[in-house]
C-alpha cells in the first residue's frame, strides 16, 4: 500500500506546468535531439524521427572514425577529423547518459 501512495505522487509531478515553462528551451532542444523528456507517450512519427536520427548519427560517427584512421599519416587532416571524432564521442556519451 505504501508503494501506491508514492507512485501517485510521481505521476502528478509530470503535470507541473511551471517546470515545463521554465525549461521550455532546454526541453525543446532535448526533444529535437531525440530524447523525449516529460512526454507521456511518443507518437509514431517521433519514434521514426528518433530512430533515423540515431542511425544517421552513428553512421556518421563510424565514417569519421574510419576517415581519421585512413588519414592518420597526414597530420593536418587527421587532427581535423579527430576533433570532430571527440566532439561526436562527447555527444554520444551525453545521449547514452540522458537516454
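The values are calculated or read from the model by the stated rules, or taken from the named source; none is laboratory data. Given the structure is predicted, the values throughout are model-derived calculations rather than measurements. All Cβ positions, glycine included, derive from the backbone under ideal geometry; neighbour counts span all protein chains shown.
Just to be sure I understand, how many residues within segment 39-68 are assigned to a helix (DSSP H, G or I) and farther than 30 Å from residue 80 by Cβ?
Taking segment 39-68 as the starting set, the residues that turn out to be assigned to a helix (DSSP H, G or I) are 44-68.
Subset that is farther than 30 Å from residue 80 by Cβ: 44-48.
Matching residues across segment 39-68 total 5.
Just to be sure I understand the filter: pairs with C-beta atoms under 7 Å, separated by 6 or more residues or on different chains, first member in segment 70-92 and farther than 17 Å from residue 55 by Cα, second member assigned to a loop (DSSP other than H, G, I, E, B). Which pairs pass?
Cβ pairs passing all conditions: 77/71; 78/71; 78/72; 81/71.
Among the listed residues 81, 46, which satisfies the condition of being closer than 30 Å to residue 20 by Cα and surrounded by 11 or more Cβ atoms within 10 Å (Cβ to Cβ)?
Working: 81 fails: closer than 30 Å to residue 20 by Cα.
Just one listed residue meets the conditions, 46.
Looking only at residues that are modelled with pLDDT under 75 and over 30 Å from residue 82 (Cβ atoms) in segment 22-38, which one is farthest from the chain's Cα centre (by Cα)?
It comes out as 38.
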